Each structure stands twice: as C-alpha cells, then as structure tokens.
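The values are calculated or read from the model by the stated rules, or taken from the named source; none is laboratory data. The shown structure was predicted, so the numbers you read here are calculated from the model rather than taken from an experiment. Don't worry about glycine lacking a Cβ; one is built from the backbone with ideal geometry, like all the others, and counts go over all protein chains shown.
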Amino acid sequence: MQEVKSNIVLKRVYDKVAQSDGCRILVDRLWPRGITKERAALDEWMKEIAPSEALRRTFHGGSINFSEFKEKYMNELSSGDK
C-alpha cells in the first residue's frame, strides 16, 4: 500500500489566495464580512463542523481559555451537539 502524505495549513479567509493553497475549506458558521464567494475561492464551506455560536461567543468573550475551548469543541464534534 502506498503511503499518503498530507499537510493541513491554516490560513485566514482574508489572506490572499495562492496557487499553492490546495483545497480551500472554510470552517465557520458565519460568512466572512466583506468577502465575496469569488474572492474566497473556496472548495467547500463546512459550517456544520464549526464551533457552536454559544461556544464561539464564550471563547471570544474571554470566559474560557483555549484549552477549555478545545475540550468543549471536541465534545461538540463527537456528540453532534451544536
């Protein structure tokens, strides 16, 4: 069997699109402000696996740290709760 190597590179949707980007997937429930679909040049918009609105607000509001956010987000992903 042939070994498959892949790299996941995180990039903001506001950053310039490059040919080296490969498959571009947006994981966010909200469409980014001021970005057209053409400018985003996405292959997929996977809003269903993004953190819930409540979790996102809690993290951005500073109520939890990244470690707590990660744990809660992983629980959301495994349980299907949004």
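Structural remarks
- Among the candidates LEU42, LEU26, LEU55, LEU30, residue that is loosely packed, with under 13 Cβ neighbours inside 10 Å and not aromatic (Phe, Trp, Tyr): LEU30
- Note on the stretch 1-42: residues that are of a type in the set (Gly, Ala, Ser) and at pLDDT below 95 total 4.
- When residues of the stretch 64-82 are limited to those that are modelled with pLDDT under 95 and either among the β-branched types (Val, Ile, Thr) or outside any helix (DSSP H, G or I) (or both), the one surrounded by the fewest Cβ atoms within 10 Å (Cβ to Cβ): GLY80
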